[in-house]
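The values are calculated or read from the model by the stated rules, or taken from the named source; none is laboratory data. Note that the coordinates shown come from a computational prediction; the quantities given were computed from them, not determined experimentally. We place every Cβ from the backbone using ideal geometry, glycine too, and count neighbours over all the protein chains shown. Areas reflect the complete protein model, heavy atoms only, side chains present, ligands, DNA and RNA absent. Shrake-Rupley method; radii C 1.70, N 1.55, O 1.52, S 1.80 Å.
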Amino acid sequence: MPKPPKSLLRDVCWSFSEPAPRSPAEMIDAARDYAADIQARDPRDDLVETLPFADVRIKYECAVRAPSGEWQKCEAEVRVLGAQHTRLTGADLLWELHVACGSTVGNDDHHFFEGFELVAEGKPGEPPTYRVSLGS
C-alpha cells in the first residue's frame with residue numbers, strides 16, 4: 001500500500017453545524033452549495049478523488065457536558081471502512097465524520113472543518129490515523 005498523504009481535504013470548506021447529508025453523494029452536493037454560499041473554491045474534485053486506502057481512523061476533539069454541568073474536552077475516534085474494502089473518497093471521510101460528530105462538534109465554537117492531518121501511518125494490518133483540524 002502506498003504511503004498515506006500527510007494531509008487531506010485542506011481546501012474543502014464545511015461546517016459541522018450544517019444539517020447532516022444522507023449519503024456521501026449528498027455530502028458532495030451540500031459541500032458544493034456551502035462553498036458557493038461563502039464564495040469558496042468548489043470542493044467537488046477533492047471529494048470525489050479516490051484515496052490510497054480503504055480503512056482509516058479519524059480522531060477529533062469535542063466538548064461534552066459532565067454530570068456537574070461543566071463542559072469538558074474529550075477526544076473521540078471514528079473508523080471509516082470502504083464497502084467491501086473498496087478505496088475511500090474524500091466525500092466518504094467527510095460524510096462519515098459528520099454523521100459521527102455533527103451533534104457534538106456542530107455545537108462547539110470550533111465547528112469549521114479545516115482538513116485532516118496524518119498522525120500515524122499505521123502498522124501492517126492497521127489503518128492510518130488522521131486528526132481533524134477544526135476552526136472557529
Worksheet item: Once the other residues with Cβ under 15 Å from the Cβ of residue 72 are scored (Lys, Arg +1; Asp, Glu -1), what is the net sum?
Response: -3
Practice prompt. Could you tell me which of 43, 84, 25 has its Cα farthest along the dipole of the stretch 1-103 towards the positive end, charges placed at Cβ (Lys, Arg +1; Asp, Glu -1), taken about the Cα centre?
Written response: 84
Worksheet, complete the sentence: Taking Lys and Arg as +1 and Asp and Glu as -1, residues besides residue 25 with C-beta under 12 Å from its C-beta add up to 0
Discussion item. Using only the heavy atoms of the protein chains and a 1.4 Å probe, how would 71, 14, 95 rank by accessible area, largest first?
Written reply: 71, 95, 14
Worksheet item: Which value, in Å² and to the nearest 10, is the accessible area of residue 64 when all protein chains are kept and the probe is 1.4 Å?
Response: 60 Å²
Fill in: By accessible area with a 1.4 Å probe, ligands and nucleic acids excluded, highest first: order of 85, 110
85, 110
Worksheet item: Add -39500 (n - 2.57) for each DSSP H run of 4 or more in the chain, then divide by its residues: what number comes out at 222 nm, to the nearest 500 deg cm²/dmol?
Response: -8000 deg cm²/dmol
Worksheet item: If you average the sequence gap of Cα pairs under 8 Å that are 6 or more apart and divide by the length of the stretch 1-111, what percent do you get for the contact order?
Response: 33 percent
Fill in: Nearest-20 debye value, the chain charge dipole, Cβ charges on Lys, Arg, Asp, Glu
420 debye
Worksheet item: With the other protein chains left in place, how much accessible area per residue, in square angstrom, belongs to the chain at a 1.4 angstrom probe?
Response: 57 Å²
Worksheet item: Of the heavy-atom accessible surface of the chain (probe 1.4 angstrom), what whole percent is carbon and sulfur?
Response: 47 percent
Worksheet item: Where does the charge balance sit around residue 95 when Lys and Arg score +1, Asp and Glu -1, over other residues with C-beta under 10 Å from its C-beta?
Response: -2
Response to the item:
Ordering 34, 130 by the accessible surface of their heavy atoms, 1.4 Å probe, largest first, yields 34, 130
